[in-house]
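The values are calculated or read from the model by the stated rules, or taken from the named source; none is laboratory data. Keep in mind the model is a prediction, meaning the values are calculated, not measured. Please note: Cβ atoms are built from the backbone with ideal geometry, for glycine as well, and neighbour counts cover all protein chains shown. We work out accessible area using only protein heavy atoms, side chains counted, and drop any ligands, DNA or RNA first. Shrake-Rupley method; radii C 1.70, N 1.55, O 1.52, S 1.80 Å.
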Amino acid sequence: MIDVTVTEDTSDDARARRNVARLAAAQALTGANSAVIFATGAIVGVTIAPNIGLATVPISMYVVGLAAGTLPTGAISRRYGRRVAFLMGTGCGAVTGVLGCLAILRGSFALFCLATFLGGLYGAVAQSYRFAAADGASAAFRPKAVSWVMAGGIFAGLLGPQLVQWTMDVWQPYLFAFSYLIQAAVALIAMGIVAGVDLPKPAAADLHGGRPLSEIVRQPRFIAAALCGTIAYPVMNLVMTSAPLAMQMCGLTVSDSNFGLQWHIVAMYGPSFFTGSLIARFGAPVIVALGLGLEAVAAIIGLSGLTAMHFWATLVMLGVGWNFGFVGASALVLETHTSAERNKVQAFNDFLIFGLMALGSFSSGQLLAHFGWSAVNLVVFPPVLLGLCVLALVWSSKRRVAADIVERG
């Protein structure tokens, strides 16, 4: 019996490793979608929005798309399989680039917001890549699978901002128009890659099996995991969304903001090469706590000065903190559900994260415009402290329960 189980686990992990390679590549290409939007959205917004307070609305619409796309992604994956959802997502990515280009050429703020919203739908589908990598994998390999797919994003850090840098001036005076057209081509390449992902077909149990969602989300472990995810990602997004515009307001150049964003994305995904191993060694709660702490350190750096170096250091530290916090929280979510429950639980978790991000993102432009860069950084501290407290309470309680069981045994 043991030999059969080991063989099956090895076979499943071999397939999972092949999927990881494709999903990591798709993650890298999808990252170009978000990198282009975050690098250019606020700057384009300043140019074509009715007033500066609305400059970050296109980025907020991207986040709204992230939130709006999570539950449909889970429903489509349950009924038709993840591959169908992936293909639909990359299709949205291609349309994003075409509409974004047209919006800049025509000076249409509404069309540009629609483009970034569709980009958010693409991003929502791509968020499920990390969970798809764990499908069919052994319990030991799952954290590494999640982490390695996220590592694909490091290439997005190199590709996305450089794509903007190389193409932003091609169609003068329409800054960034050609960048969006190239982004559409990148999304089509990603479509070809995800078409070859080999994932288990949906089972009947995936539609109707498992516990009710209301029961699952009441678990203290799920509450802690979801809360930490909804802090790690929105906090990072709040600061990252404001940074390019804040740098411009401080007299720094577009090249300076592109450079900072490039290394921010590298810092977001680079640690993923070893985050899974760190989780396996120290446990996900420790890595999540470390990530939240590093986000607070990033805010401290942001408060200490307004030079390019301060902005760059803030963005790099913020990226590393996000990686530990978000990957660790994702690993915790995997511990809260069965395989039959995975799609609905994972989709609901992402809905919480990106729903909160959407609410916070709309306020980032107003916060920066009316209160300045310091206020953006100060907002980081209360949610980080809340996340650390809840995480400590839940896992200390879990350890006490485990110790009591051992004593009774």
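Numbers for the structure displayed
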{"quantity": "Accessible surface of the chain [probe 1.4 Å, protein heavy atoms]: carbon and sulfur percent", "calculated": "69 percent"}
{"quantity": "Gain on full stretching of the segment that runs from residue 339 to residue 390 - 0.36 nm per residue minus C-alpha separation", "calculated": "15.7 nm"}
{"quantity": "Helix-only mean residue ellipticity at 222 nm for the chain, each DSSP H run of n ≥ 4 adding -39500 (n - 2.57), per residue, nearest 500", "calculated": "-28500 deg cm²/dmol"}
{"quantity": "Euclidean distance between Cα centres, the stretch 106-120 to the stretch 307-347, Å", "calculated": "27 Å"}
{"quantity": "Estimated inter-spin distance, residue 51 and residue 110, nm [label 7 Å along Cα→Cβ]", "calculated": "2.0 nm"}
{"quantity": "Test item: Cα-centred dipole of the chain, Lys/Arg +1 and Asp/Glu -1 on Cβ, debye", "calculated": "500 debye"}
{"quantity": "The chain: radius of gyration over Cα atoms, expressed as a fraction of 2.2 N^0.38 Å", "calculated": "0.96"}
{"quantity": "On Cα atoms only, tilt of 2-48 relative to the major axis of the chain in degrees", "calculated": "20 degrees"}
{"quantity": "Cα long-axis angle, helix 308-334 against the chain (0 to 90 degrees, to the nearest 10)", "calculated": "30 degrees"}
{"quantity": "Mean separation of Cα contacts under 8 Å (6+ apart) over length of the chain, as relative contact order %", "calculated": "24 percent"}
{"quantity": "Within a Gaussian network of the chain (alpha carbon springs, distance under 10 Å), most fluctuating of 331, 185, 151", "calculated": "185"}
{"quantity": "Computed FRET value (nearest 0.05) for residue 366 with residue 15, which takes r as the C-beta separation and R₀ as 56 Å", "calculated": "0.70"}
{"quantity": "Average accessible area per residue (Å²) across the chain - probe 1.4 Å, nucleic acids and ligands excluded", "calculated": "39 Å²"}
{"quantity": "Choice from 366, 346, 183 with maximal GNM fluctuation in the chain (Cα, 10 Å cutoff)", "calculated": "366"}
{"quantity": "Degrees between helix 57-80 axis and first principal axis of the chain (Cα, 0 to 90, nearest 10)", "calculated": "30 degrees"}
